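Here is the structure we will look at.
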């Protein structure tokens, strides 16, 4: 929980720094520099992964600490996600957020909780990551 509070504090300080950024660093008339846009997207992904991991341990919201982490994590994730949407197209931001989140949560479930992955799951996850990479590298929709 302390890590999430530190992440929110960092996001707030980065937002304040973006407000003071020179015009040359801004991306497409937005209020966020491109580097900050992606940093906030990464923080949103991390918050969502923490929240989803806690959700699995909340016992359908019957355990207090994992339940609180879940709610705070999702609120933080959506708040952080609201900033990249100001700069990048909503569909692209959501594709990156959900795709990377799925792969990270699956990896955590496999590594920490012993959940099994068959070959179809591994191929599917690889295709998700390939799709995210293709959108980011080759799409003219994403501002670089």
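FYI, it's all coordinate maths here, none of it is from the lab. This structure is a prediction, so every number in the text was calculated from the model and none was measured. Every residue, glycine as well, gets a Cβ built from its backbone with ideal geometry; the counts of neighbours run over all protein chains shown.
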Can you tell me which of 102-113, 37-48 comes out highest on packing, and rank the rest after it, using the mean Cβ neighbours within 10 Å? 37-48, 102-113
If the chain between residue 136 and residue 65 were fully stretched, how many nm would it gain, using 0.36 nm times the residue separation less the Cα-Cα distance? 21.9 nm
Gyration tensor on Cα atoms of the range 22-132, a ≥ b ≥ c root eigenvalues, a/c under 1.5 rounded, else prolate if a/b beats b/c, else oblate, says oblate
Order by protection proxy (mean Cβ within 10 Å, highest first), peptides 80-93, 58-71: 80-93, 58-71
Rank the residues 119, 129 as a footprinting-exposure proxy: fewest other Cβ atoms within 10 Å of their Cβ go first. 119, 129
